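The values are calculated or read from the model by the stated rules, or taken from the named source; none is laboratory data. Worth saying up front: this structure is predicted, and the values here are computed from it rather than measured. Here the Cβ positions follow ideal geometry from the backbone for every residue, glycine too, while neighbour counts run over all protein chains shown.
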Amino acid sequence: MKFEEASKELDIIIGKLEMGNLSLDESVKLYEKAQELIKICSTEFEKAQGMITVIKDGIEKNLK
């Protein structure tokens with residue numbers, strides 16, 4: 001799953017949880033799913049940061 005997909009699904013889950021009309025069981029299940037999505041987003045973000053660092057370092061090296 002890509003960052004954008006996980007982020008979109010996470011937004012939907014947050015909206016459902018904020019409405020407050022779910023049972024405790026449904027809320028817990030959505031919370032667990034949200035934690036999985038947060039992990040995906042975090043991992044994808046870290047990958048992107050790493051790629052940006054590599055590109056930035058390459059540019060700086062070429063400028064010297």
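Could you list, ordered by first residue, the pairs with Cβ atoms under 9 Å in which the first is in segment 1-25 and in contact (Cβ under 8 Å) with a residue 60 or more places away in the chain and the second is assigned to a loop (DSSP other than H, G, I, E, B), at least 6 apart or interchain?
none
Are there any pairs with C-beta distances below 9 angstrom linking a residue in segment 29-40 that is on the phi < 0 side of the Ramachandran plot and surrounded by 11 or more Cβ atoms within 10 Å (Cβ to Cβ) to a residue that is at pLDDT below 95 and among the aromatic types (Phe, Trp, Tyr), with the two at least 6 apart or on different chains, and if so which?
Ile40/Phe3
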